[in-house]
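Visitor: I have a structure here, written as structure tokens, and I will follow up with some questions on it.
Derivation of every value follows stated rules applied to the coordinates shown; laboratory data play no part. None of the values given here were measured: they were computed from a predicted structure. Ideal geometry is used to build each Cβ from the backbone, glycine not excepted, and the neighbour counts take in all protein chains shown.
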Amino acid sequence: MTDLAVDCGQLLDGTGTDPITDARLLVADGRIEDVGTQESVALPDDVEHVRHPDETVIPGLIDAHLHLVGTRSMDPFDWVQTPPTQGAARATADLRRLLGAGFTTVRDVGSPTGIGLRNAVDEGVISGPRIFTSGKTISQTAGHGDAHYLPHQWVREQDERGTSSLADGPHECRKEARKRIRDGADLIKIMTTGGVLSEKDAPHQTQFTDDEISAIVEEAHRVDIPVASHAQGSEGIHIALENGVDTIEHGFWVTEEVIEAFHRTGATFVPTLAIMHRICEEGDEHGVPEYGLEKARNAREAHFESIERAYEADVPIALGTDFLGPELVPHGENALEAELLVEEIGMDESDAIRAATGTAARTVPTDDVGTLEPDNWADLVVLDEDPLDDISALRNIRTVYKGGDEVSL
């Protein structure tokens, strides 16, 4: 039975098709029952009827790369000094901010608290977006997920802290993948290159061998779980794609060979411009270590050029911020990524919206979010202004619905 009818001046369904003018969307039991023009979709009797004649409705936004760790500092020692329970409590506040910013689905790609937060949201104990989480990531020793500045044995023993577990060799990698599956992770996140905020490696350096990556991918795909790879250098990106990962995170050096691999494998690219932009522009004011500032600034031009190259080649690009929670990269400002896709990469506004909705939905193991189509969850955002005219309209939110229920902003 229809519960809700939403009329609006314009509706963008997240698929990239033309907007629907004078649109109507019907909701039944939290899911979309029908969508079309007000002429083509009849208004049922005795239904809550909400009218937004001058507003634009879009699907609930998706951040396909963030961390629900509740950190409030870019200091690399922050996670050591902060009790995990305090981080989880802060993350609940971050979840409310994300909902208020129109993000009704998020993909948490590395946190010790993501699985518990997801379960609490699903139970209705706390308010938040739909969470798809990797739990802790899997890294090689001395890899991007290793805390290089701390004693090795201490790092290996910190099951309740940090965002990564260490594994070396195919057997350990396979075991760690199985542990994530046992924990109830929705996806698995690995590291196949060095990174910006890891002290003793570099973005172009490869990490994990073919055998290690394929062992993790095999275990994940056996139970229909996707694999995301932190991969910045071209060789590490290519190795990850050739071994079957489903998404590439960051992608600083995307070559023509890498683009061919994207097309051949059908993988999705999550470039995370926002954190690079913020680190390069303001990182020194917020405690980002000097090694991180130097690596980010050295890679920035190549990173942005790689995203342009991938966009021009029709590689699927999903919105992801890599935001963590501190003032430099706070949850709630995640729409910055869409603005950068338009302003820095030259992406069309409609493509940026699709990156934040329909394409971002490719990164999570479900087929009922990201687009306003029948049988999908009725997750939608009402905007005061037209994002096709100005992408910053994504910040001017009138109303958010999750599962057909209005969210208190």
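Visitor: Could you state the per residue volume, in Å³, of the convex hull enclosing the Cα atoms of region 95-229?
Guide: Looking at region 95-229, the number lands at 115 Å³ per residue.
Visitor: OK, next. What list do you get for PHE269, PHE77, PHE262 if you sort them by fewest beta carbons within 10 Å? The partial results should precede the final answer.
Guide: Details: PHE269 28, PHE77 11, PHE262 22.
Taking fewest neighbouring Cβ atoms as first place, the list is PHE77, PHE262, PHE269.
Visitor: Separate question: In terms of modelled amide H atoms, which long-range or inter-chain residues lie less than 5 Å from the amide H of ARG31?
Guide: ALA378
Visitor: Under the rule of -39500 (n - 2.57) per DSSP H run of 4 or more residues, summed and divided by the residues of the chain, what mean residue ellipticity at 222 nm is obtained, to the nearest 500 deg cm²/dmol?
Guide: -10000 deg cm²/dmol
Visitor: Which of rounded, prolate, oblate describes region 72-120, given a ≥ b ≥ c as roots of the alpha-carbon gyration tensor eigenvalues and a/c under 1.5 marking rounded, otherwise prolate only if a/b is larger than b/c?
Guide: Prolate shape, in that a/c is at least 1.5 and a/b is the bigger ratio.
Visitor: Only bridges whose two residues both fall in the chain count here: according to DSSP, what percent of them are antiparallel, nearest 5?
Guide: Numbers: 25 of 57 bridges.
Close to 45 percent.
Visitor: Something else: Under a plain spin-label model, where a point goes 7 Å from the Cα along Cα-to-Cβ, how far apart in nm are LEU388 and ASP168?
Guide: Inter-label distance under the simple model: 5.6 nm.
Visitor: Taking 0.36 nm per residue of sequence separation and subtracting the Cα-Cα distance, how much length would be gained by fully extending the chain between ALA93 and ARG222, in nm to one decimal? Don't jump to the answer; show the numbers that get you there.
Guide: Values: separation 129, 0.36 × 129 = 46.44 nm, distance 3.51 nm.
Contour length minus the Cα-Cα distance gives 42.9 nm.
Visitor: Let me ask something additional. State, to one decimal in nm, how far the label point of GLU48 lies from the label point of VAL80, with both points 7 Å from Cα in the Cβ direction.
Guide: Taking the simple label geometry, GLU48 and VAL80 are separated by 5.0 nm.
Visitor: May I ask which residue of THR363, LEU328, GLY124 lies farthest towards the positive end of the charge dipole of region 61-363, with charges of +1 (Lys, Arg) and -1 (Asp, Glu) on Cβ and the Cα centre as origin?
Guide: The residue sitting farthest along the positive end of the dipole is GLY124.
Visitor: While we're looking at this one, here's another question. Once fully extended, how much extra length lies between GLU281 and ASP18, figured as 0.36 nm per residue of separation less the alpha-carbon to alpha-carbon distance?
Guide: Value of the extension gain: 91.1 nm.
Visitor: Where is the GNM fluctuation largest for the chain (alpha-carbon springs, 10 angstrom cutoff): LEU293, LEU273, LEU99?
Guide: Top of the fluctuation ranking is LEU293.
Visitor: Could you give the length gained on full extension between GLU406 and GLU312, defined as 0.36 nm per residue of separation minus the Cα-Cα distance, in nm?
Guide: Extra length from GLU406 to GLU312 when fully extended: 30.1 nm.
Visitor: Could I ask something else about it? For region 187-195, what does the Karplus curve 6.51 cos²θ - 1.76 cosθ + 1.60, with θ = phi - 60°, yield as ³J(HN,Hα) per residue in whole Hz, taken in order and with x for Gly and Pro?
Guide: Those phi angles translate into 7, 10, 10, 10, 10, 10, 8, x, x Hz.
Visitor: In a Gaussian network model over the chain where Cα atoms closer than 10 Å are linked, find which of ASP22, ASP78, ASP386 has the largest mean-square fluctuation.
Guide: ASP78
Visitor: Taking the structure as given and computing Cα extents along the principal axes in Å, which label from (i) 74, 60, 52; (ii) 83, 49, 41; (iii) 66, 44, 43 fits?
Guide: Answer by label: (iii).
Visitor: Shape of region 158-246 from its Cα gyration tensor (a ≥ b ≥ c, root eigenvalues): rounded if a/c is under 1.5, otherwise prolate when a/b > b/c, or oblate?
Guide: Values: a/c = 1.82, a/b = 1.24, b/c = 1.46.
Taking the square roots of the gyration eigenvalues as a ≥ b ≥ c, region 158-246 is oblate.
Visitor: Can you sort SER139, SER392 by how many other beta carbons sit within 10 Å, fewest first?
Guide: Lowest to highest Cβ neighbour count: SER392, SER139.
Visitor: Within the set of other residues whose C-beta is less than 11 Å from the C-beta of PHE252, count the net charge using Lys and Arg as +1 and Asp and Glu as -1.
Guide: Charge balance near PHE252 sits at -1.
Visitor: Check each of the GluC sites (Glu not before Pro) in region 34-63 and keep only those in coil by DSSP with at most 11 other C-beta atoms within 10 angstrom; list them in order. Present the calculation step by step, with values, prior to reporting the outcome.
Guide: On the way: sites: GLU39, GLU48, GLU55; in loops: GLU39.
When the GluC sites (Glu not before Pro) of region 34-63 are filtered for loop state and at most 11 Cβ neighbours within 10 Å, GLU39 remain.
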